[in-house]
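Student: Input: one structure, supplied below.
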There are 4 protein chains.
Amino acid sequence: MKASEPGYIEDKAALQHRLRRIEGQVRGLQRLVEEEAYCIAVLTQITAVTRALQAVALELLDDHLSNCLLGPEAGGEQGTKAKLAEATAAIARLVRS
Amino acid sequence: MKASEPGYIEDKAALQHRLRRIEGQVRGLQRLVEEEAYCIAVLTQITAVTRALQAVALELLDDHLSNCLLGPEAGGEQGTKAKLAEATAAIARLVRS
Amino acid sequence: MKASEPGYIEDKAALQHRLRRIEGQVRGLQRLVEEEAYCIAVLTQITAVTRALQAVALELLDDHLSNCLLGPEAGGEQGTKAKLAEATAAIARLVRS
Amino acid sequence: MKASEPGYIEDKAALQHRLRRIEGQVRGLQRLVEEEAYCIAVLTQITAVTRALQAVALELLDDHLSNCLLGPEAGGEQGTKAKLAEATAAIARLVRS
C-alpha cells in the first residue's frame, strides 16, 4: 500500500462487485414498487439492502483500522490521534444510522 | 384505494423518485471507490444511503399502517390480527437492521 | 381493557419482570467496570442490555398497535389518525436509536 | 496505564457515574409501567435509555482503540491483529444491535 492508497485498495474489486449487487437490489426495489407489490414485501427488501450496505461499511472500517490506523502509513503519534478521532466519529454515525 | 392496491399507491411516484435517487447514490459510491477515495469519505456516504433507505421504509410503514391496517380494506378482526403480526415483524426487522 | 388503561395492561407483570432483569444487567455492567474488566467484555454486555431494551420496546409497540390503535378504544377516525402519527413517530425514534 | 488496566481506566469514575444514571433511568421505566403510563411515553423513555447506553459504548470503544490498540500495550504485530479482529467484531455487534 502506498501512502496515497486507501485502506481498501486490496479489496477494491470485491467492494465494487458488492456495490454493483446493491445497485441491482435498489433497482429490484423500484421494480417491486412499479408492480405495486405488497408493502411488507417492499419493506423486507429494504431491510436486505440496508444490511448489505452495513456489511460493506463494516468491511471498509476493518480495512481502515488495519491499514490506515495501524499500518506504517499512520504517520506518527499526532497523525494517529487525529485519525482515531475521525474513525470513532465514523463508527458513531454507523451505530446511530 | 382498491382492495388489490398497496398502501403506498398514492405515494407511488414519490417513492420511485426517492428510489432512483438512492440508486444514484449507490452509483456515486462506486465512483468514490473507483477513484480510490479515502475510506472515511466512503463510509460517510454509505451512512447517507442507509438513512435514505430508512426514511423510505418509515414512509412505507406509515402508508401500510394507515391504509392496510386501519383502512376499510383491513378485512375483519381475524384479518387485522394476522396483518398486525406481520407489521410488527417487519418493524422488528427494521429496528434490528 | 378500560379506556384509561394502557395497551400493555395484560403484560404489565411480565414487563416489570423484564425491566427488573434489565436493571440487574445494568448493575452487572457497573460491577464489570468496578472490577476493571476488559473493554470488549463491557461492550459485549452493553450490546446485550440494548437488545433486551429493544425487545421490550417491540413488545410494547405490538401491545400499543393491537389495543390502542385497533381496539375499541381507538376513538373514531380522527383519534385514530392522530394516534397513528404518534405511533409512527415512536417507531422512527426506535429505528434511528 | 499498566498492562493489566483496561483502556477506560482514566474514565472509570465518569463511566460508573453514567451507568448509575442509566440504572436510575431503568428504575424510572419501572415506575412508568407501575403507574400504567401511556405506551408511547414508555417507548420514548426506552429510546432515551438505549441512546445513553450507545453513548457509553462509543466512549468505551474510543478508549479501547486509543489505549489498547494503539497504545504501548498493544503487544506487537501479532497481538495487534488479534485485537483488531476482536474490536471490529465488537463494532459489528454494536452496529447491528
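None of the figures in this text is laboratory data; all of them are computed from the coordinates on show. No experiment lies behind these values; they were computed from the predicted model shown. All Cβ positions, glycine included, derive from the backbone under ideal geometry; neighbour counts span all protein chains shown.
Student: Is one or more of the residues making up region D:52-59 touching a Leu at 6+ places or on another chain (Cβ under 6 Å) and surrounded by 21 or more Cβ atoms within 10 Å (Cβ to Cβ)? First the steps, then the outcome.
Tutor: Within region D:52-59, the first condition is being touching a Leu at 6+ places or on another chain (Cβ under 6 Å), and the residues that meet it are D:57.
Of the ones still in play, those that are also surrounded by 21 or more Cβ atoms within 10 Å (Cβ to Cβ) are D:57.
Within region D:52-59 (the criterion being touching a Leu at 6+ places or on another chain (Cβ under 6 Å) and surrounded by 21 or more Cβ atoms within 10 Å (Cβ to Cβ)), the answer is yes, since at least one residue qualifies.
Student: Just to be sure, is residue A:37 among the small types (Gly, Ala, Ser) and buried (at least 21 other Cβ atoms within 10 Å of the Cβ)?
Tutor: Considered against the rule, which asks whether it is among the small types (Gly, Ala, Ser) and buried (at least 21 other Cβ atoms within 10 Å of the Cβ), residue A:37 comes out as no.
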